[in-house]
Amino acid sequence: MKWFKGNKIFWGIGLFFVALFLAVEGYSYYDQWAGEKRVEELAQLLAKIEKEAFDKKAADKIGGKTPQETLDLFIKAVEAGDYELASKYFVVENQENGKKELLSLVGKNNLGLVINLFKNAEPDGDIINGSFRMKSKTNLGPYYFIRFVLYPSGNWKIEEI
């Protein structure tokens, strides 16, 4: 018993370090668990966002059954001055910007030039993985490209001009 009483300080220091080690290890496991939980929640949120975007695209029925048909419908809407409808032929995320660009072209009296570019567009390759590209050349020389993407609803949308 005398040996134990004499080593109380030693035992106390030892128990303190054991408790400190367990606390640090416990926090480390807790921190790892919390991080994994945050990653799992983020993955679920991203999956939800992707599903909502897919559902929105699947419900979007505006567009042609071919890229050429979509382009023809787009040109027809622009020529009719229906820029709201024309913007609907763009992919969902580009519709608002597409409408602004069309209105900007109207304001600059450049819409006729752009429509002429669209009317002279020709295929530039094959359909690959639901993507297609057409090109049109100006008198100045450079090609302008129109990229299309196939939506889950089966219609083609203008992705980029």
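The values are calculated or read from the model by the stated rules, or taken from the named source; none is laboratory data. This is a predicted model, so every value here is computed, not measured. Positions of Cβ are backbone-derived with ideal geometry, glycine not excepted, and every protein chain shown enters the neighbour counts. Accessible surface is based on the protein model in full, side chains and every heavy atom, while ligands, DNA and RNA are left aside. Shrake-Rupley method; radii C 1.70, N 1.55, O 1.52, S 1.80 Å.
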* Which of the following residues is more than 18 Å from E159 (Cβ to Cβ) and small (G, A, S): A121, A43? -> A43
* Structure fact -> Scanning region 59-74 for residues that are open to solvent by 10 Å² or more (accessible area, probe 1.4 Å) and among the β-branched types (V, I, T) gives I62, T66
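Looking at region 122-143, is at least one residue in a helix (DSSP H, G or I) and either at pLDDT below 90 or of a type in the set (S, T, N, Q) (or both)?
no
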* Asked: So, in region 83-120, of the ones that are of a type in the set (V, I, T) and modelled with pLDDT of 90 or more, which residue ends up least open to solvent (accessible area, probe 1.4 Å)?
  -> V91
